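One structure below.
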Amino acid sequence: VVDIGHLYRDAGVFTYDPGFTSTAACESDITYIDGDAGVLLYRGYPIDQLAEHGDFLETCYLLYYGDLPTPAQRREFEHAITMHTMIHEQMARFYQGFRRDAHPMAVMVGVVGAMSAFYHDSTDINDPKQREIASRRMIAKLPTIAAMAFKYHIGQPFVYPKNELSYAANFLRMCFAVPCEEYKVNPILARAMDRIFILHADHEQNASTSTVRLAGSSGANPFACIAAGIACLWGPAHGGANEAALKMLEEIGDANKIPEFISKVKDKSSHIRLMGFGHRVYKNYDPRAKIMQKTAHEVLGELGIKDDPLLDVARELERVALNDSYFIERKLYPNVDFYSGIILRALGFPTSMFTVLFAVARTVGWIAQWKEMIEDPSQRIGRPRQLYTGSPQRDYVQMSKRG
Ligand code: ACO
């Protein structure tokens, strides 16, 4: 608590909390994390049960509406999502405006932000029906937008959605089918993709979700808010961590090089971090990391990859770190991103797509949080204060009298 009354005579007492480590910005019914116990609940349901028994669309319904759907609700929701998977053909032409070598996240920020220029009938945030249509549009269209970003990036023609497929299977097909060739979605790989989507769907007030809420608090339309969330997610300390984790594993390359790498991490002057390790809230094993590790084995097994050197490096790195006092004292454990890159690479995605997939999954969480905020009667514009450390008041000096 810092008294800065000498600068702002009427300012009173402020709390100064860089990084918001102990400041709640909202009340929320959506996601619960107990970082010490390694617990993650969506609307009260443990993440491992949802990942084991549920699917992503059901998880979307749960996060957005607050309860698991009845069979009739599920049918209606699935039908509505399926009906909204196409994007406006004029939007599809946007892609040509980007350089081929643009990072697909840059394309995502642009195209999702542009949705508000197309769907005018769902930008009135005060109309609950419009809010719902906007939300359903984004859950439905994000995979299509992401797959098109991927296809554009690799120079292949767009593949349009096939609505009889599941959400994850349809996404894999839009990414990997090519014209003139039969493409059959492997159900085990589709299940793995679905599980990755479930695990990334929400995570309470992380940086990108807080960004969405802050943008939304000004009354900005939901498409603009989600584009802001995507921009924030891009950073390597947040959604970009799985890309960084895989790069790190590739650079280490061999389990023999782990001790040398760990000593570099421990030397603070190197500014090297063990990517995919540590978390602001989890001071125990991230429950999502356990499911990711299991899924990595399933995917590699299905693809007949008996020895993936990167998986060997990852497992050994985890073992070494979990027995090292540096990591033990700081309560640094693998997070969701430590193993996800290995799965995504095995599925055929380049690292540049990893954060894009995260954005597809997190869209429902962002939207559920945005809706909760809009519907909260105590909601006000988000306006953090600051601790001013600059010059006291001084008089303007004419140019001729300076220097
Ligand atoms: N490797 C090495 N040391 C680390 C790591 C790491 N991955 N993470 C934290 N530390 C150390 C810090 O250097 C610091 O040490 P010190 O006390 O000697 O100064 C201590 O642990 C505390 O670290 P903070 O940076 O204060 O922790 P914070 O809560 O701010 O950071 C974060 C959390 C950003 C996730 C951090 O652990 C990190 O950078 N991890 C690597 C990137 C990553 O995997 N991000 C994904 C997060 S999950 C997600 O977004 C989906």
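The values are calculated or read from the model by the stated rules, or taken from the named source; none is laboratory data. Just so we're clear, the structure is a prediction, and the values are computed from it rather than from any experiment. FYI the Cβ positions are ideal-geometry reconstructions off the backbone, even for glycines, and counts take in every protein chain you see.
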If you go through region 292-324 one residue at a time, how many are away from the ligand (no atom under 11 Å from the Cβ) and not in a helix (DSSP H, G or I)? 7
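Could you tell me which residue of region 85-139 is farthest from MET353 (Cα to Cα), considering only residues that are in a helix (DSSP H, G or I) and among the acidic types (Asp, Glu)?
Result: ASP121.
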From GLY219, GLY253, residue being more than 9 Å from the ligand (Cβ to nearest atom), surrounded by fewer than 16 Cβ atoms within 10 Å (Cβ to Cβ) and modelled with pLDDT of 95 or more: GLY219
Restricting the first residue to region 378-403 and requiring it to be closer than 28 Å to CYS225 by Cα, which pairs with a second residue that is assigned to a loop (DSSP other than H, G, I, E, B) meet a Cβ separation below 6 Å and a spacing of at least six or different chains? ILE381/SER218; LEU387/TYR16
Among the residues of region 264-303, what is the count of those that are in contact (Cβ under 8 Å) with a residue 60 or more places away in the chain and basic (Lys, Arg)? 5
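May I ask you to say which residue of PHE327, PHE277, PHE338 is near the ligand (Cβ under 8 Å from one of its atoms), surrounded by 13 or more Cβ atoms within 10 Å (Cβ to Cβ), within 28 Å of ASP34 (Cβ to Cβ) and more than 20 Å from the chain's Cα centre (by Cα)? Spell out the reasoning first.
Details: PHE277 fails: more than 20 Å from the chain's Cα centre (by Cα); PHE338 fails: more than 20 Å from the chain's Cα centre (by Cα).
Result of the check over PHE327, PHE277, PHE338: PHE327.
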Given (1) free of Cβ contacts under 8 Å to residues at least 40 places away in the same chain; (2) buried (at least 23 other Cβ atoms within 10 Å of the Cβ), identify the lone condition not met by THR211. (2)
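Listed here are the residues, each with its yes/no results for (1) within 19 Å of MET292 (Cα to Cα); (2) in a loop (DSSP other than H, G, I, E, B); (3) modelled with pLDDT of 95 or more; (4) not charged (D, E, K, R).
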position: TYR8; (1), (2), (3), (4): no, yes, no, yes
position: ALA25; (1), (2), (3), (4): no, yes, no, yes
position: ASP29; (1), (2), (3), (4): no, yes, yes, no
position: LEU62; (1), (2), (3), (4): no, no, yes, yes
position: HIS79; (1), (2), (3), (4): no, no, yes, yes
Out of (1) touching a Leu at 6+ places or on another chain (Cβ under 9 Å); (2) within 12 Å of the ligand (Cβ to nearest atom); (3) within 18 Å of ALA361 (Cβ to Cβ), what's the single condition that is false for ILE262? (3)
State all residues of region 140-158 that are surrounded by fewer than 20 Cβ atoms within 10 Å (Cβ to Cβ) and either of a type in the set (Gly, Ala, Ser) or not in a helix (DSSP H, G or I) (or both); if no residue qualifies, say none. GLY155, GLN156, PRO157, PHE158
For region 65-89, how many residues are within 21 Å of ILE145 (Cα to Cα) and of a type in the set (Ser, Thr, Tyr)? 2
Please go through region 380-403 and pick out each residue that is surrounded by 10 or more Cβ atoms within 10 Å (Cβ to Cβ) and within 24 Å of the chain's Cα centre (by Cα). GLY382
